1. Obtain the nm distance between the two label points defined at residue 77 and residue 167 by a simple spin-label model: each point lies 7 Å from its Cα along the Cα-to-C-beta direction.
2. Express the relative contact order of the chain as a whole percentage, based on alpha carbon pairs under 8 Å and six or more residues apart in sequence.
3. In debye to the nearest 20, how big a dipole does the range 142-291 give about its Cα centre with +1 on each Lys and Arg Cβ and -1 on each Asp and Glu Cβ?
4. What FRET efficiency comes out for the pair residue 183/residue 241, r = Cβ-Cβ distance, R0 = 25 Å, nearest 0.05?
5. What GluC sites (Glu not before Pro) does the range 188-287 have in DSSP loop regions with at most 10 other beta carbons within 10 Å?
6. Could you tell me the relative contact order of the range 63-143? Use alpha-carbon pairs under 8 Å, at least six residues apart, and round to a whole percent.
7. Rounded to the nearest 500, what is the 222 nm mean residue ellipticity of the chain from helices alone, with -39500 (n - 2.57) per DSSP H run of 4+ residues and division by all residues?
8. Treating only the Cβ atoms of Lys and Arg (+1) and Asp and Glu (-1) as charged, compute the dipole magnitude of the chain about its Cα centre; round to the nearest 20 debye.
Amino acid sequence: MTALREILLRRIAATGPISIAEYMTECLLHPEHGYYTTRDPLGAEGDFTTAPEISQMFGELMGLALAQAWLDQGAPAPFVLAEPGPGRGTLMADMLRATARVPGFHDGLRLHLVEASPALRAAQAEKLPHATWHDRLDQIPGDLPLFMVANEFFDALPIRQFVRDGAGWRERVVGREGDALVFGLTAPVPLAELEHRLDDTEEGDMVETSPALPALVGEIGTRIAANGGAALIVDYGGRGATGDSFQAVRGHEKVDPLDMPGQADLTAHVDFAALARAAAPAACAGPVPQGVFLERLGITARAQALAARLDGAALEAHVAAHRRLTHPAEMGDLFKVAALHPCNMPPPPGTET
Ligand code: SAH
């Protein structure tokens, strides 16, 4: 039995079942036993691989898209370049390399990272020695233009799940049966925050909410509207779909989310409709499929330029990486790109709908 399972079982025995959001928060961020607090989960030897770890092209194109948005807004300096959940720092390192020749961009930027994991902060510091780290997004200095990227950050935010029952909702919770953690459902209650879902759901449908998302996205949108800037947000998900997207991944395999708490990555689909609703007073462009976004930014030309210098296994891996990032059957369709931008400024290139 893991230490965290023991802690959760005791807590549930004392105060009753917990929401999926509370379960996710404990499993991912428990100060001693949390998944992110205790390890670097990325890469082939880890539990999952992300777009920037697949190919340098992802970060290069994200960097150039953000630099273009900065140029479109008159190249304001100084400005904040921010990333929540930077993983190993690979995305930001690729962005910085690709933008090195954009006049004034590097001189003007102040790099701010938001990271909960001490293990990942250490990995980021090796690649990004000039960054400043924060525990929360609202700790980033608020008086400068904010140019931001986030890849697979919002999918780690805790979700709550509700099952439609008449005009009310039963919340899916984690309880205990003996020494086992088990899913359960509360009694149905009407919920004002889900009133708008009564129109597009049927009896028994499950909907998910992300309690932290509106305030986080609202904070980013408020800053971008007030000071200028843009945020590129990439994640898997769709617009206000129904169904259970709560998943656990360990060693590149899906596992039962209640098995081995704190030892598997827990994520859920990002609801881009909720994200767009929370963006005001900034505008929200997209979401566009990741494959479409990358093709619009010229990934094929970049892939060919890189391919010219490769052969053998390296060339094969490069071709496979291009396909993995863009093909609809791989990450190209499931992953989406949305952008927050000031209402009177164009969206970053590639995100136009
Ligand atoms: N963006 C990276 C890593 C994605 S994994 C990439 O694309 O490779 C999710 C990242 O978000 C990790 O760095 C994790 O430690 C961080 N994270 C998750 N929840 C967080 C929270 N509540 N606050 C700050 N960072 C968080």
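1. Label at residue 77, label at residue 167, 6.0 nm between them.
2. Over the chain, the number comes to 20 percent.
3. Details: 11 positive and 23 negative charges, 75 e Å.
Approximately 360 debye in magnitude.
4. Values: r = 20 Å, r/R0 = 0.80.
For residue 183 and residue 241, the calculated efficiency is 0.80.
5. Loop-located and lightly packed - 202, 203.
6. Details: 103 pairs, mean separation 27.2, N = 81.
Taking the mean separation of contacting Cα pairs over the length of the range 63-143, I get 34 percent.
7. -10000 deg cm²/dmol
8. On the way: 28 positive and 46 negative charges, 162 e Å.
Roughly 780 debye for the chain.
The values are calculated or read from the model by the stated rules, or taken from the named source; none is laboratory data. What you see is a predicted model; the values in this text were computed from it and never measured. Backbone-built Cβ (ideal geometry, glycine too); neighbour counts: all protein chains shown. Accessible surface is based on the protein model in full, side chains and every heavy atom, while ligands, DNA and RNA are left aside. Shrake-Rupley method; radii C 1.70, N 1.55, O 1.52, S 1.80 Å.
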